[in-house]
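Written below as structure tokens is the structure these notes are about.
The values are calculated or read from the model by the stated rules, or taken from the named source; none is laboratory data. Since the model is a prediction, treat every value here as computed from it, not as a measurement. So basically every Cβ, Gly included, is an ideal-geometry build from the backbone, and we count neighbours across all protein chains shown.
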Amino acid sequence: MPGPPSAIAVDAAGPPRRTAPRQRARLAALAVNGLLIFGAVFTLLPLLWMISASLMPAGEALALPLRWLPSRPTLEHYAALFQRLHLGRAFLNSLFLSLAITAVSLFCNAAAGYAFAKLRFKGRDRLFAFLLATLVVPPQVGVLPLFLEIKSLGLVNSRLGVLVAGIATVFGIFLVRQFALSIPDELLDAARVDGASEMRIFVSVVLPILKPILVTLGVFTFLAAWNDFMWPLVVLTDEAKQTLPVALANLSGEHVQDTELMMAGAVITVLPVLLLFFALQKHYVEGILLGSVKE
């Protein structure tokens, strides 16, 4: 008779031991989610204040105590940027150059990355290792040699001179190559057996497979081109051809005390990038995850 009571006691004591790990897991998940929410709010506060300040009347953004919402929302600062200060022209210049650089760079990076991953030629691995070694060189080191090359080609103060610097990047080639390593060789060999040329294979077979990583690389490239300040400043001397970051920098020197106007300019600069990221967020994350292929 002593056996069953002890079994019942064990069974009765069992459930608390099983539920304790679950409770700890829930508490850990709540703690992690709480920290993530706090970090997101902490990160978004400056962005939200920037938008709010751009809608405030002149002088209200620096008034004490600090205001989070405008007392009288107004769009006068946006109107001044586009009508009086001609910021719309710089916006269109940045948009055109960013789209052109992204399109050209994606094609060149995709072609080079595919070649390093799947085509066999003499010195392929050594050349790729040399390209990776250049990643440790600061980009500013190449500004002077690149400018002298642009000058010798007669491309100074031209949009083509800005475009040439972004034709291809080592990071883009590396990213595409790592993704292209996952393409089965049998698929490419079957296309060659059917008589397809290498260009036809690249365009009709490889590019559709590379779509996730190309979307990710396109976001990176567009962001870099849109936010680029140094190279357009060096190459473009005509005010009518200036990009948005250069125009805003010149504007801040003239209107350094006009905080609301500067915040409106910052919103115009940030908003297209945010919209692009949210529109392509799903493909962006997918490309990042699929691009982590190892050889």
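Remarks
- Tally of residues being among the acidic types (Asp, Glu) and over 34 Å from the mean Cα position of the chain (by Cα) across the range 182-197: 2
- Test for ILE51: is it at pLDDT 85 or above, of a type outside the set (S, T, N, Q) and either in contact with an Asp or Glu (Cβ under 8 Å, 6 or more places away or on another chain) or not in a loop (DSSP other than H, G, I, E, B) (or both): yes
- Of all residues in the range 99-130, those satisfying the criterion of being basic (Lys, Arg) and either in contact with a strand residue (DSSP E or B) (Cβ under 8 Å, 6 or more places away or on another chain) or not in a helix (DSSP H, G or I) (or both) are ARG120, LYS122.
- Meets criteria (touching a residue at least 60 places away in the same chain (Cβ under 8 Å) and hydroxyl-bearing (Ser, Thr, Tyr)) for THR43: no
- Single residue of the range 64-116 satisfying the filter (of a type in the set (S, T, N, Q) and under 21 Å from the mean Cα position of the chain (by Cα)) that is farthest from SER54 (Cα to Cα): ASN109
- Helices (runs of 4 or more DSSP H) wholly inside the range 138-255 containing at least 2 residues that are free of Cβ contacts under 8 Å to residues at least 60 places away in the same chain and either among the small types (Gly, Ala, Ser) or touching a strand residue (DSSP E or B) at 6+ places or on another chain (Cβ under 9 Å) (or both): 185-193, 244-254
- Contacts under 8 angstrom Cβ, first residue in the range 73-87 being within 13 Å of VAL267 (Cα to Cα), partner among the hydroxyl-bearing types (Ser, Thr, Tyr), 6 or more apart: HIS77/SER54; TYR78/SER54
- Residue list for the range 63-98, restricted to those being surrounded by 13 or more Cβ atoms within 10 Å (Cβ to Cβ), part of a loop (DSSP other than H, G, I, E, B) and of a type in the set (A, V, I, L, M, F, W, C): LEU85
- Matching option when the condition is small (Gly, Ala, Ser) and farther than 18 Å from LEU236 by Cβ, among ALA112, ALA165, ALA100: ALA112
- Among residues that are part of a helix (DSSP H, G or I), under 24 Å from the mean Cα position of the chain (by Cα) and over 22 Å from PRO272 (Cβ atoms), VAL41 is included.
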